[in-house]
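Since the structure comes first, as structure tokens, the remarks are kept for the end.
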Amino acid sequence: MDKVLKLLKKRKHIVFFDFEGTQHSQEMIALGAVMCTIDKHGYINKTKAPFKVYVKAKNRVGKYVVNLTGITDDLLEKEGISFLEAMNLFKKYCGIAWKKSLFVSFGNHDIRILNQTIAYNINAPKDLCHQIHANYWDFGGFISNFIKDDNGCMMSLIHYCELFNVKLHEPAHDPEADSINLARLYDAFIHDKELVLEQYKKVLANNRKLPEPVLSVIRKLVKGEDVTITDFEDAIREEIK
């Protein structure tokens with residue numbers, strides 16, 4: 001897909017990542033990632049072993065997040081490291097590709113967690129964080145341009161994976177697993193152009209922001225009906241009568 005290639009800008013690496021954050025302060029408590037090498041067409045041809053660390057937060061995790069992720073304050077106290085250490089290890093994981101990679105997450109919530117964590121840490125490695133900001137792609141926002149649920153909203157990562165018959169890596173709400181699932185979804189999206197085409201037709205047919213004459217024509221086309229200029233003009237006349 002040309003749109004994807006333009007975003008990739010001839011990069012050879014994509015780092016799919018996911019952050020988990022505290023319930024109220026939205027500080028990072030876990031970081032998961034998987035780095036992939038891509039070819040000139042944007043297809044994944046090599047995947048590095050995943051990366052994951054727990055990160056100590058300044059505030060409590062929160063009951064909702066504990067129930068969702070299984071990450072507790074006690075776990076962070078025992079296994080967590082500082083935000084600075086976590087980011088340095090993240091950079092080390094990416095190696096020489098750090099400055100040349102595209103950093104990809106599902107939805108912009110991860111960037112919000114990154115920003116909040118910077119705010120809570122005086123010694124935050126802002127240069128490393130800037131590298132992510134400057135080379136970031138929200139794949140959730142991108143794919144939702146072409147595929148939405150019946151209410152016209154972006155679907156969850158899991159539901160997109162199910163749509164593309166992607167084998168889910170578990171457990172859910174684990175940053176390592178979510179990063180792997182995101183990489184698999186990206187790869188499926190790139191390869192299955194026919195599924196994207198069929199889903200995009202539905203998005204166009206359900207787009208209530210389009211004028212009704214245009215929508216009526218699109219609906220007929222999606223149903224496989226032939227549409228003529230006369231049909232389009234009749235739809236316009238019906239709208240303005």
(request) Return only the number of the condition from (1) under 21 Å from His130 (Cα atoms); (2) among the charged types (D, E, K, R); (3) touching a Phe, Trp or Tyr at 6+ places or on another chain (Cβ under 6 Å) that Lys58 does not satisfy. (result) (1)
(request) Collect the residues in region 167-184 that are surrounded by 21 or more Cβ atoms within 10 Å (Cβ to Cβ) and either in a loop (DSSP other than H, G, I, E, B) or among the small types (Gly, Ala, Ser) (or both), keeping them in residue-number order. (result) Ser179, Ala183
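Report whether or not Phe83 is within 18 Å of Glu27 (Cβ to Cβ) and of a type outside the set (Lys, Arg). Give the derivation first.
Working: within 18 Å of Glu27 (Cβ to Cβ): yes; of a type outside the set (Lys, Arg): yes.
Answer is yes for this residue.
Hey, does region 79-94 have a residue that's among the aromatic types (Phe, Trp, Tyr) and more than 30 Å from Phe189 (Cα to Cα)? Can you show your working first?
Within region 79-94, the subset among the aromatic types (Phe, Trp, Tyr) is 83, 90, 93.
With the extra rule that they be more than 30 Å from Phe189 (Cα to Cα), the set shrinks to 83.
Yes, region 79-94 contains at least one residue that is among the aromatic types (Phe, Trp, Tyr) and more than 30 Å from Phe189 (Cα to Cα).
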(request) Answer yes or no: is there a residue in region 95-108 that is under 30 Å from Ala205 (Cα atoms), surrounded by 14 or more Cβ atoms within 10 Å (Cβ to Cβ) and free of Cβ contacts under 8 Å to residues at least 60 places away in the same chain. (result) yes
(request) For Leu31, work out the one condition from (1) without any contact (Cβ under 8 Å) to a residue 24 or more places away in the chain; (2) assigned to a strand (DSSP E or B); (3) of a type in the set (A, V, I, L, M, F, W, C) it doesn't fulfil. (result) (1)
(request) Take region 130-154 and flag every residue that is part of a loop (DSSP other than H, G, I, E, B) and within 30 Å of Met87 (Cβ to Cβ). (result) Asn135, Ser144, Met154
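So in region 121-145, with the set limited to residues that are more than 18 Å from Ile14 (Cβ to Cβ) and surrounded by fewer than 17 Cβ atoms within 10 Å (Cβ to Cβ), which one is modelled with the lowest pLDDT? If you could, list the steps in order and put the result at the bottom.
Filtering region 121-145 down to residues more than 18 Å from Ile14 (Cβ to Cβ) leaves 121-127, 129-130, 144-145.
Imposing the further condition that a residue be surrounded by fewer than 17 Cβ atoms within 10 Å (Cβ to Cβ) reduces the set to 122-123, 126-127, 130, 145.
Numbers: Ile122: 94, Asn123: 95, Lys126: 95, Asp127: 96, His130: 96, Asn145: 91.
Among them, the one singled out is Asn145.
The values are calculated or read from the model by the stated rules, or taken from the named source; none is laboratory data. Since this is a predicted model, take the numbers as computed values, not measurements. Heads up, the Cβs are rebuilt from the backbone with ideal geometry, glycines too, and the neighbour counts pull from every protein chain shown.
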